[in-house]
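Asker: Here you go, one structure.
The values are calculated or read from the model by the stated rules, or taken from the named source; none is laboratory data. Keep in mind the model is a prediction, meaning the values are calculated, not measured. Please note: Cβ atoms are built from the backbone with ideal geometry, for glycine as well, and neighbour counts cover all protein chains shown.
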Amino acid sequence: MNFVLLDEILELEPGRRALARKVFSPDDDYLADHFPGFPVVPGVLLTEAMGQTGGWLILHHLDFSRLVLLVMVHNAKFRQLVLPGQEVLLEAELETAGESDFLARCRARVGRRTVAEARLAYRGFPLPRAPGVADQLTGWARATWARLRPEAP
């Protein structure tokens, strides 16, 4: 399984808001057990996709200079089932942005209906000092960003 759960970042207002898109494939193997005969996208993956949307927004804001990690999920709510094949739009809006701590309000929508929402807390950590690791992480982040947002400069 590829753990970058976003297909594309559709919109970006730097330092403010991001909108991403994800279609969970009916062929993903975890759906065989969640649930047999009636596959449903797990809430934990919706939360992770919302978290990644906010994480990329913050990472771009920091010019890929830190390691951004989700550190807390506040008030997660799941309002409707998401079925494989449905297009999920994921929105993250920064509420607070400090030097290292960030808070975003995130939501997932299918069509006009909100299917999940949460406030997510992030922390930016210094890149590891081990030889080559910072360059490897930064290179991966920039290449992944280019894939998620290909038309961006």
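Asker: Specify the residue that is farthest from Tyr122 (Cα to Cα); the eligible residues are those in the stretch 34-51 that are assigned to a helix (DSSP H, G or I) and not aliphatic (A, V, I, L, M). Steps first, answer last, please.
Answerer: Our first condition is that a residue be assigned to a helix (DSSP H, G or I); within the stretch 34-51, this holds for 43-51.
Narrowing the set further to residues that are not aliphatic (A, V, I, L, M) leaves 43, 47-48, 51.
Numbers: Gly43: 19, Thr47: 13, Glu48: 13, Gly51: 9 Å.
Ranking the qualifying residues of the stretch 34-51, first place goes to Gly43.
Asker: Given the conditions (1) in contact (Cβ under 8 Å) with a residue 60 or more places away in the chain; (2) of a type outside the set (Ser, Thr, Tyr); (3) over 15 Å from Ala20 (Cα atoms); (4) assigned to a helix (DSSP H, G or I), which single one is not true for Trp145?
Answerer: (3)
Asker: Now for a different question. Looking at the stretch 136-153, can you tell me whether even one residue there is crowded, with 19+ Cβ neighbours inside 10 Å and among the β-branched types (Val, Ile, Thr)?
Answerer: No, every residue in the stretch 136-153 fails to be crowded, with 19+ Cβ neighbours inside 10 Å and among the β-branched types (Val, Ile, Thr).
Asker: Which fully enclosed strands (runs of 3 or more DSSP E) of the stretch 52-135 have 2 or more residues being in contact (Cβ under 8 Å) with a residue 12 or more places away in the chain, surrounded by 18 or more Cβ atoms within 10 Å (Cβ to Cβ) and basic (Lys, Arg)?
Answerer: On the way: elements: 66-78, 87-97, 101-110, 113-126.
Counting at least 2 such residues, we get 101-110.
Asker: If you don't mind, another one. Output the number of the condition that Val71 fails; it satisfies all remaining conditions of (1) at pLDDT 95 or above; (2) over 21 Å from Gly15 (Cα atoms).
Answerer: (2)
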